[in-house]
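A.B. asks: Structure below; questions to follow.
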Amino acid sequence: MRRLRPAAAAVALLTVVLAGCSSAEPEPTGHDTAPVTSELPAESWIATAGEERVEVFASPGDSEPGTVLAAEDVVSVPGQIPLTFLVAEQQDDWVQVHLPVRPNGTTGWLRAEDVSLTSTEFRIEVHLDDHRLLLHHGDAVVMNVKVAVGREDVPTPGGVYYIKELLQPPQAGGPYGAYAYGLSGYSPVLESFAGGDGVIGIHGTNEPESIGTDVSHGCIRMLDEDVTRMAEEFGLPLGTPVEIFA
């Protein structure tokens, strides 16, 4: 297991394991696909919980929550990384959000009074067949780079996710590269990975030769200079949507 720290101001070390950071023999690729149009809006809303726990309801207006989601269950450094969600819908005093839980695609309703709402024009598209990541800001594509993705037996799952945390390895040269974004999704194959929960992520790599191949256990690998640019130049907020086209 690797020890990482939040990329923000906090400096406490933590243990976080993403499902796709160990080496494997790259599989040959070579398929290209026609461009796919995202259905995500140019501007997305983000909900940030005011506390370390938030009540999640099955429907707006319910009197009792279906569950209570705690930061300690879904983020690497509770108390330093806030509970953050991508908003799917707003209805009166309620917001429907994507949840960082299994199964992938799970949503729930939060009381609007329990969260603060912000917006972002950033969104990420990942095209698995083309091994390509596009970073959008509004109507503009501000990054278009090659990536490595999951192997056929441990694929990167398609769907809509969001960035739930940004972490920075305490030392350079490891398998996570310069930065690691933890996403709200999980491996469809691995229930756990090296002691973690099989969370998928977008991160740098110490194997730049793997870019453009099917090599990981589900994570999306970028060149270190590319993930550093996303983290430092663009400063993507937690909650940024990530749409993966399988």
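A.B. asks: Could you check the range 75-121 for strands (runs of 3 or more DSSP E) lying wholly inside it with 3 or more residues that are under 20 Å from residue 243 (Cβ atoms) and polar (S, T, N, Q)?
C.D. replies: The strands (runs of 3 or more DSSP E) meeting that bar are 115-120.
A.B. asks: Let me ask something additional. Cβ-Cβ below 8 Å, separation at least six or inter-chain, first residue in the range 91-112 and within 14 Å of residue 157 (Cβ to Cβ), second of a type in the set (A, V, I, L, M) and in a loop (DSSP other than H, G, I, E, B): which pairs?
C.D. replies: Matching pairs, first to second residue: 106/99.
The rows are residues; the columns are (1) among the polar types (S, T, N, Q); (2) at negative phi.
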site: 142; (1), (2): no, yes
site: 150; (1), (2): no, yes
site: 159; (1), (2): no, no
site: 164; (1), (2): no, yes
site: 167; (1), (2): no, yes
site: 177; (1), (2): no, no
site: 182; (1), (2): no, yes
site: 205; (1), (2): yes, yes
site: 208; (1), (2): no, yes
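A.B. asks: Only one of 134, 128, 69, 83 is within 30 Å of residue 209 (Cα to Cα) and without any contact (Cβ under 8 Å) to a residue 60 or more places away in the chain. Can you tell me which?
C.D. replies: The unique qualifying residue is 134.
A.B. asks: Another one. Working only within the range 133-157, note down all residues that are more than 15 Å from residue 39 (Cα to Cα), in contact with a Leu (Cβ under 9 Å, 6 or more places away or on another chain) and surrounded by 15 or more Cβ atoms within 10 Å (Cβ to Cβ).
C.D. replies: Those that are more than 15 Å from residue 39 (Cα to Cα), in contact with a Leu (Cβ under 9 Å, 6 or more places away or on another chain) and surrounded by 15 or more Cβ atoms within 10 Å (Cβ to Cβ): 143, 145, 146, 147, 149, 150, 154, 155, 156.
A.B. asks: Does the range 165-181 contain any residue that is of a type in the set (A, V, I, L, M), farther than 22 Å from residue 83 by Cβ, out of contact with any Phe, Trp or Tyr (no Cβ under 7 Å at 6 or more places or on another chain) and in a loop (DSSP other than H, G, I, E, B)?
C.D. replies: Within the range 165-181, the first condition is being of a type in the set (A, V, I, L, M), and the residues that meet it are 166-167, 172, 178, 180.
Those still in the list that are farther than 22 Å from residue 83 by Cβ too: 172, 178.
Keeping just the survivors that are out of contact with any Phe, Trp or Tyr (no Cβ under 7 Å at 6 or more places or on another chain) gives 172, 178.
Retained after the next criterion (residues that are in a loop (DSSP other than H, G, I, E, B)): 172, 178.
Yes - at least one qualifying residue is present in the range 165-181.
A.B. asks: Please count how many residues of the range 158-194 are among the polar types (S, T, N, Q) and either free of Cβ contacts under 8 Å to residues at least 40 places away in the same chain or open to solvent by 20 Å² or more (accessible area, probe 1.4 Å) (or both).
C.D. replies: Total meeting the criteria: 3.
A.B. asks: Same structure again: Tally up the residues in the range 122-132 that are open to solvent by less than 60 Å² (accessible area, probe 1.4 Å) and assigned to a strand (DSSP E or B), please.
C.D. replies: Total meeting the criteria: 6.
A.B. asks: Which of the residues that make up the range 144-157 are in contact (Cβ under 8 Å) with a residue 40 or more places away in the chain and within 17 Å of residue 236 (Cα to Cα)?
C.D. replies: 145 - this is the single residue of the range 144-157 that is in contact (Cβ under 8 Å) with a residue 40 or more places away in the chain and within 17 Å of residue 236 (Cα to Cα).
The values are calculated or read from the model by the stated rules, or taken from the named source; none is laboratory data. Nothing here was measured: the structure is a model prediction, and the numbers come from that model. Cβ: placed from backbone, ideal geometry, glycine included. Neighbour counts: every protein chain shown. Only protein heavy atoms, including side chains, enter the accessible area calculation; ligands, DNA and RNA are left aside. Shrake-Rupley method; radii C 1.70, N 1.55, O 1.52, S 1.80 Å.
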